[in-house]
Amino acid sequence: MKRDFIFSSESVTEGHPDKLCDRISDALVGQYLRRDPLARVTAECAVSTGILFVAVRLASDAVVDVPFVARDVIRDIGYERDGSQTFNARDCTVMTTLSEFDRSPLEAVDEMAMTHADIDRVVARDQVTVFGFACTHTPTLMPLPVWLAHKLARRLAAVRREHLPELLPDGKTQVSVEFRDRRPARIHGLTVVTTQRDVRAGDADRLRARVREFVIEGAFADEEIRPDARTRIAINPEGVFAGGGPAAHSGLTGRKTAVDTYGEYARHSGAALSGKDPSRIDRVGAYAARHAARNVVAAGLATECEVQLTYAIGLSAPVSVQVETFGTSPIDEGEVERRVRAACDFRPAAIVRRFGLRRLPPARPDGFYVTLAAYGHVGRIDIELPWEQTDLVDVLGSR
Amino acid sequence: MPASQSRAEASSRHASETGHDASIVHATVSGRVRIHVPSLYRNRQVALSIEQALIGQPAVKSVSSNVYTGNVLVRFGADLNPERVLDLVGGLRMDAAALRPGCAAVSRERARTGGPRLRPAADRPRAAWHTLGHEVVLLHLETTGEGLSSDEARQRLQRYGSNELRAAVQRPLSDIVVSQFTSLPVVLLIGSSVLSIVTGGLADAAVIVGVIAINAAIGASTEAAAERNIQTLTRFSAPPVVTARDGVNTLVDVAALVPGDVIRVRRGDYVPADARLIQAADLSVAESALTGESAPVSKAANVLVDHLAPLGDRVNMLYRGTVVTGGSGIAVVVATGVSTELGRIQDMVTEAAQPETPLQRQLQTLGHQMVMVVGVVFGGMVLIGWLRGYRLIDIVRTAISLAVAAIPEGLPTVSTMTLATGVRRLRERGLLVRRLDAVETLGAVQVICLDKTGTITANRMVAQAAYVDGRRFRFDTGRVSDDAGGDTVAGNSLMWLLRVGALCSDATVVANTGARRVDGTPTETALVHLALDLGLDVAWLRSSFPKLSHLERSEHRMYMTTMHATPEGRWLLATKGRPDQVLSRCGAAVSDGGLRELGPAERSDIETENESMAGRGLRVLGFAFAEVDAAAPDEHTPLVWAGLVGIADPIRPGIRSLIGAFHGAGIQTVMITGDQSATACAVARAIGLSRVPRLEVLDSTGLAGIPDELLSALACRVDVFSRVSPSNKLQIVRGLQRAGLIVAMTGDGINDGPALRASNVGIAMGRGGSELAREVADIVLLEDDVAALLEAISDGRTTADDIRKSVHFIISTNLSEILLTLGATALGFGVPLNATQLLWINLLTDVFPELALSVDPAESDMLQRPPRPAGTMLVGRTDYPRLAVDAAVMTGAAMTSYVYGLRRYGPAGGAGTMAFLTLTGAQLLHAFSSRSETHSVLEWGRPSNPWIGLSVAGGFGVQAVAAVVPWLRRLLGTVRVGAGDVALAWGLAGVSFALGETLKILTHDHGSRPRALPAPQTPPPAVADPTVERRET
C-alpha cells in the first residue's frame, strides 16, 4: 500500500446544475414524506438551458405541487430574475412527469410499528453494493481532501450572497492534499472556479483577490493544515467567462455521487443517493455503512475503516458485510467485522427504523432531505444526521 | 423609480426630436407611393399621427398605413410627387404626447433586443405603467387626480381616436360567396364549361354553369345562416363610466374615454379601458377572460410591479374586458381602444392565420390528379386518333369529350351537400358551424386542446370541502359527507363555521322568486351558497347580528374581520382569511358542544390539512370568531378557531366520461390553463386526462424561450400546460400542428382568441364565452355542452367517409367512361359516347347515387377507431387497383353491348345507344358496391341506406324517360332501340355488377367473418376491425 501520495477531491456549490437537480429531487422527496411519511417516491431531474425536466414516480395519495417546489429550490439557490439570466425560478419551464408505481407489491409499510419478524419480511428490492468510510483526517472522521473541497464550496456560496453579488450560484472547487505515511501533510494545490453574470474589464484580478480573501482564507481559518507558499492556488485558471449554471451546461440527478460521499478517497456505490425515499436500500444502505465505519473509528478499532454491504433482491439481510481497516486496527480485522455484524442491524427496514428516516421530514421544517443534497450526505456538522452519531462506540468497544 | 422614469422621458424626448426615418418602397404607379416608416411598425399611435397629418395636406387623396408592415400607402394628386410625399412623412415631428402611452417602452425594448425575430405581440412589453408610481403616471399623462377638462378630453379624443375596438371579425356575405368558387374542382368545372362553349355545346355549358350556381347557393346559404345565428348571440354593449371631467364626476360614454381620464369603478362594472389604479378599496377583479385564471385578483394602488410581470400579476392595473367583482377603485386611463391589451389580443387573432383544412388539401390534391389524368387522356386520344388516321377536328372533338368525362362535375355538389347536411344535423344538437369544411375537419381531429376554465370547469367558485374539529367534510350540491364517505348532518361545529362565513361577508342574497341569487365576490358567494344549502337562515342571522364595522384585509393582514352586535349587547367578531394568519390569532377551537384548547398538535394538524387541501387545488380559507364585551376589540383579541373551507371551480358534469370517449376515439386530450400546476393537476387527475397512469405537466410562463422543434416535440407528450399566457396558447397549438397533428381547441375567453383561430377547428362556448372567442371560432357550442362535440366528431368522420365513398364512385365511373371511349377508338370501333351523353351521365344519372352515398349512415364503430392519419388522400395509391378493376368491369359490359349494337344497328346511333344504356346501368348498380370497399352487398346487418335503392331506381327511371321522350333523344343523340335490346343492355349492366361484387369477395377473405346477422350494436370483434382490414388491403 502506498504511504506517500497526492490525492485530490472536488466539490461543487448548490447552484451547479447537477447539484441543482439533486437538490430539487431531495426537496420533492422531503415534501412528499412530510405529507405522507409512508410515501414511496422517486424524483429525478434533468436540466438544460431553460427547461427543467422532473420525473416523479409515486405510490402515495399525497399531493405536492412539483413545479412550485422546484421553483422554490431554484429561487433559494439564487437563480432569480435579473434580466441577464435565462434560467431563473420564475421563467424557466418545468416539465413534470408524474407516474404511479404499481402499488400492489409496494404497499405502504411503517417500519416504526414493526416486529422483528416483520422487519425480516421487508427485503431488498434492488441489488446493490454500498460502502461506508471513516478515517481520522478530520474531527468529522472524513477524508481531508473532500472535507476541504466542501468547505471551500460552501464558503464560495456564502460569500456570493454576502460580498460578491456578481457571481452566479454555480461554482466548483478542488483540493489536492499531499499525504506522507497516509497522513495529510500539506495542501498541494487548490482550484476555485466561479461563474459570473457578466465580464467587465479589470474584473478578473479583483475577483481573484476577493475569492482568495473571502473564500480561501475564510475556509482555512480554523484548519490545522493551510495552504503554504508552495501551494498552487488556481482561481478561474481558464479565465473569467460570463454565464454559468443551467443556462450554460446541463445537469442530472445523481451525477455527483463522489461529491456526495468521500470525494473518491474511498469507494462509493454508483447508485444515486438523492431523489429516493427511505425504502430504497441503495440510499439508506450507504448511510448505514457510514454509520458503522464511523463508529468503528470512533471506538478506536481503526484509524481508517471501510464497511461494504452487498444486498441481493429478495433477501432482507445483506449477503455480504465486509469491514476493511487497511491495517490500522489494533485488533484482528475479523474480530472488528464480527463486532460490526453483532452491533448493526443492516436489514432495510431496520435501518429506516433505527435512523427514523420517514419521520425526519415532518419533524424538520425544511423537509430534511433537501439539506443533504449539497456538500455531502455524510460527515456533516451543520445538520444533525442520525448516521453521524457515535452511539455504537460502547457496543463496539466492548467484547 | 427615478431611474426608469428618467429613461422613459429621455427616450420619448429623443423620438420627439428626430421625426421619422422613412424610405420609398415603390412609386411605380403614378399618383401612388408606398413608404416604409420603421417607427410605424406595430405602433398605432404613429399610424394615427401620420394619417392625420397627411390627410390634412391639400394634394393628398388618401392615406392608409399598415402597422404590421410599417408601410404607408399614399395616393396623391397632380401637385405632389413621391419625393415630396416622402419629405412630408419624414418631416413629421413626432408628437411627444402621442408617443407616450404605450410607445416609448416599445421602441426602447426593440432597441435592446434588436433582433428581427418576430414574436407574438403579447410577449413584447409595452409601456410599463405598472412599474411606475401612480403620481408619476399622472404626470406622464399630463393629468391629475381630478381628471381632464372637457376641452382637453375632446382634443385627446381627436388625437388618440375613440375608445373602440376594431369591428368584430365578421365574415361578409361576399366573402362567403367568393369562398364557394375557390376550390379546384369548381375551377375545373368552370374550365369544362369553357371547353363546352369552345366545342359548340352551349347547352352543355349552360347545364354546367347551372350546377356551379346551385352548388354555390347551397354552400353560401348554409354558411351565411350559421353566421347570422352567431351574430344573434348576446351582444354586449358597455354602460357609461363614471369619469372625472372638469373636476366633476359625470357619466361618460365608453367610446369617449381618453388616456388621462380618471374613472371610478365598483363591483359589477366592466373595466372600459386599460388603467392604472390611483386608489383601491378592497378591489378585486375577475380577469379570467384575459388571463384564464378563474379566481379574481386582488388589486392595490400603492404597489409597484416588476417590469416583466405577466398581466395577471400586475395588481396595480385594470384591463379592458375584465369585470370588477368586489370593492371599488379610482384609476387613470392609460390606453384606450386598439392600444389596450384586449386590442392587442385582437391583433394577434388577425395575425394568426387559419390553417388549410384537410378537405381543402385533399380536394386540391385530387384536382391536381385529375388535371394530370385529363392531360394524359387527351394526349393519348390524340395519338391514337392520329395513328388511326382520323381527321384532326374529329380527334380534337373526341378528346374534348373525353376530358369532359374525366372531370368529376358532380363532385363539388356532392361535397357541398354532404357538408351542408352535416352542418344542419349539428345545428339540431346545439352546434353552430361557421365553415362547411369544419365538419369534416372535426372528424380528422387528432388532438383536442381543452381550455380548463370555462370548458372543463364551470368558471365559478363552489365550496368543496371543510375541516372542522378534526373532521373532514365534503360538500356536493347541498349534501354533506364526512371522510367516512357517508352522508352526515352538518353538526354544531360545522354550523359555527357557516355562521362566520355568512356574517364575515359582503355578499348579498337577492330575494328572488324562484332561483336564489347571491351577489358578491366568487369566494364569498360560494360561502353564502354553502350556508344556504346546508339550511342556515342567512337573512335571520344577519338581522340578529347586525354588522357594526369591519376591518378589510391588507397587505400585512391577509384576513378580514367584521364586528357584529349580539342580541345580548355584546360584540361578535367574525374573521376569515389566510389560514396560517387566522390560526395564529386563535387560542381555542370549536369542539362538539364547546371549546377546547388549541395545542401544538392540533395546530400542526390544521396546517397539514391546509397544505393538503391547497395541494388538491383548493383555495383554502380559515375562519375564526370571538364574542367580547362591548369594549372595542383590537388586533390582539384572541379568537376561537372555527375551521377551514376549501373552494374550487367545479368540474362540469360528464367531463370524465367525455375524456374517456375522446381517448376511445383515438383523440389525444390536452388541457391548457393559466392556473398553477397544483390546481391543474388536481383537475387533470379528476377527469382522467392522461390515457396512461402518467401525467406530463409543462409549467411555464415563458414558452417563447423554447426552440420551436423542442416545443413541438414536448407538446406531443404533454397532458397539462399550466400557468400559460394567451400567446403561449397560440404557440402550443402551432407546436402541435408543426408535429403534423390536426388540432381542435376549445375556449371561451378573449385570451383564447388567437389560439382558436390558429387551430384547425376552433370551438367556442356560446353561453359563457366572450364575444371575441365566438367570433373567431369555427364551431360554437350554443349550450356550452362539450359532450355534443363527441357526436360532432362522429358526424365529421362519417361525413369524411361518405365524401370518400362518393369520390371513389365518381372516379371509378368516370374512369369507365374514359376506358370505353379510348378502347373503342383504339380498336377502330368509332366513338361510342358523345360529349352530351357523358355530361348527362356525370351531371344527372350519377349525381343521385352520389348524393345517396354522401348520406350513408355511420358505421357503429365510428368512435372506437383512431382518426385517419393526417395526410390521407381522398384517392391514394392503394385505391388505384380497385378503382381500375371496377372501371374495367363496367367498361367491359358497355363494350360488349356496343359491339353487339354495331353488329345489329351499324355505327349510326344504335350502337352508341346500347353502350350508353349499359354503361349508365352498370354505373347506377355500382352505387351499391360503393357503400363499402370490403363488405359485399350480400352481408347483412350493416346500417342500411334506403336512399341508395331510391336513387338507383330514379336513375333507371331517368334513363327510361330519356329513351322514350323524342326531344331528349334528339338532345342526347340516341336512337330508339327495341325492348329486348334494352333488356339486354341492362342485363349486361347486371352482369357487370355481379362480377364486381364477386371480385370484391374474392380479393377480401371473408372466411373468418360471421356472414349472417352480426349484432350491429355490439362493438365488432377484433378481427372485424375495419381499420385493421384496410391496412391489409
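The values are calculated or read from the model by the stated rules, or taken from the named source; none is laboratory data. What you are looking at is a predicted structure, and each value in this text was computed from that prediction instead of being measured. Positions of Cβ are backbone-derived with ideal geometry, glycine not excepted, and every protein chain shown enters the neighbour counts.
Assorted remarks:
- Residue pairs meeting the criteria (Cβ under 7 Å; at least 6 apart or on separate chains; first of a type outside the set (G, A, S), in the range B:819-835; second part of a loop (DSSP other than H, G, I, E, B)): B:L820/B:P832; B:L820/B:L833; B:T821/B:V831; B:T821/B:P832; B:T821/B:L833; B:T825/B:V831; B:N834/B:G973
- For the residues A:T261, A:T253, the requirement of being in contact with a His (Cβ under 8 Å, 6 or more places away or on another chain), buried (at least 24 other Cβ atoms within 10 Å of the Cβ) and within 24 Å of A:I74 (Cα to Cα) singles out A:T261.
- Any hit, the range B:833-852, residues being of a type in the set (A, V, I, L, M, F, W, C), assigned to a helix (DSSP H, G or I) and at pLDDT 85 or above: yes
- Cβ-Cβ distances below 8 Å connect the following pairs, each with a first residue in the range B:913-928 that is over 13 Å from B:I810 (Cα atoms), a second residue that is among the acidic types (D, E) and in a helix (DSSP H, G or I), and a separation of six or more residues or different chains: B:M914/B:D981; B:L919/B:E817.
- The residue pairs whose first member lies in the range B:461-480 and is within 22 Å of B:V683 (Cβ to Cβ), whose second member is surrounded by 16 or more Cβ atoms within 10 Å (Cβ to Cβ) and among the aromatic types (F, W, Y), and whose beta carbons are closer than 7 Å, counting only pairs six or more residues apart or on different chains, are B:A463/B:F475; B:Q464/B:F475; B:A465/B:F473; B:A465/B:F475; B:A466/B:F473.
- Out of A:T371, A:T390, one residue alone is of a type in the set (S, T, Y) and part of a helix (DSSP H, G or I). It is A:T371.
- Filter pass, B:L442 being out of contact with any Leu (no Cβ under 7 Å at 6 or more places or on another chain), under 16 Å from B:I803 (Cβ atoms) and either among the hydrophobic types (A, V, I, L, M, F, W, C) or not in a helix (DSSP H, G or I) (or both): yes
- Of the residues making up the range A:142-171, those that are over 15 Å from the mean Cα position of the chain (by Cα) and not in a helix (DSSP H, G or I) are A:H163, A:L164, A:P165, A:E166, A:L167, A:L168, A:P169, A:D170, A:G171.
- Every test in (1) surrounded by 23 or more Cβ atoms within 10 Å (Cβ to Cβ); (2) within 22 Å of A:D394 (Cβ to Cβ); (3) touching a residue at least 60 places away in the same chain (Cβ under 8 Å); (4) in contact with an Asp or Glu (Cβ under 9 Å, 6 or more places away or on another chain) is passed by A:A299 save one, and that test is (1).
- B:D306 vs. criteria within 14 Å of chain A (Cβ to nearest Cβ), farther than 30 Å from B:Q158 by Cβ, of a type outside the set (K, R) and without any contact (Cβ under 8 Å) to a residue 12 or more places away in the chain: no
- Residues (at the interface with chain A (Cβ under 10 Å from one of its Cβ atoms), in contact (Cβ under 8 Å) with a residue 24 or more places away in the chain and either assigned to a loop (DSSP other than H, G, I, E, B) or under 22 Å from the mean Cα position of the chain (by Cα) (or both)) located in the range B:679-697: B:A680, B:A684, B:S690
- Test: residue in the range A:302-313 that is more than 26 Å from A:G254 (Cβ to Cβ), of a type in the set (D, E) and in a helix (DSSP H, G or I): no
- Yes/no for B:A309 being modelled with pLDDT of 85 or more, part of a loop (DSSP other than H, G, I, E, B) and in contact with a His (Cβ under 8 Å, 6 or more places away or on another chain): no
- Residues in the range B:698-714 that are facing another protein chain (nearest Cβ under 7 Å) and surrounded by fewer than 20 Cβ atoms within 10 Å (Cβ to Cβ): B:G705 only.
- Filter pass, A:R71 being farther than 20 Å from A:G263 by Cα and basic (K, R): yes
- For the range B:637-678, residues that are part of a loop (DSSP other than H, G, I, E, B), more than 14 Å from chain A (Cβ to nearest Cβ) and either among the hydroxyl-bearing types (S, T, Y) or free of Cβ contacts under 8 Å to residues at least 12 places away in the same chain (or both) total 2.
- Of all residues in the range B:371-396, those being aliphatic (A, V, I, L, M), surrounded by fewer than 13 Cβ atoms within 10 Å (Cβ to Cβ) and at pLDDT below 80 number 2.
- Test: residue in the range B:818-839 that is among the aliphatic types (A, V, I, L, M) and within 19 Å of B:P358 (Cβ to Cβ): no
- Number of positions in the range B:943-970 that are touching an Asp or Glu at 6+ places or on another chain (Cβ under 8 Å) and in a loop (DSSP other than H, G, I, E, B): 2
- Residues in the range A:43-78 that are touching a strand residue (DSSP E or B) at 6+ places or on another chain (Cβ under 9 Å), closer than 23 Å to A:A363 by Cβ and away from chain B (no Cβ under 13 Å): A:A43 only.
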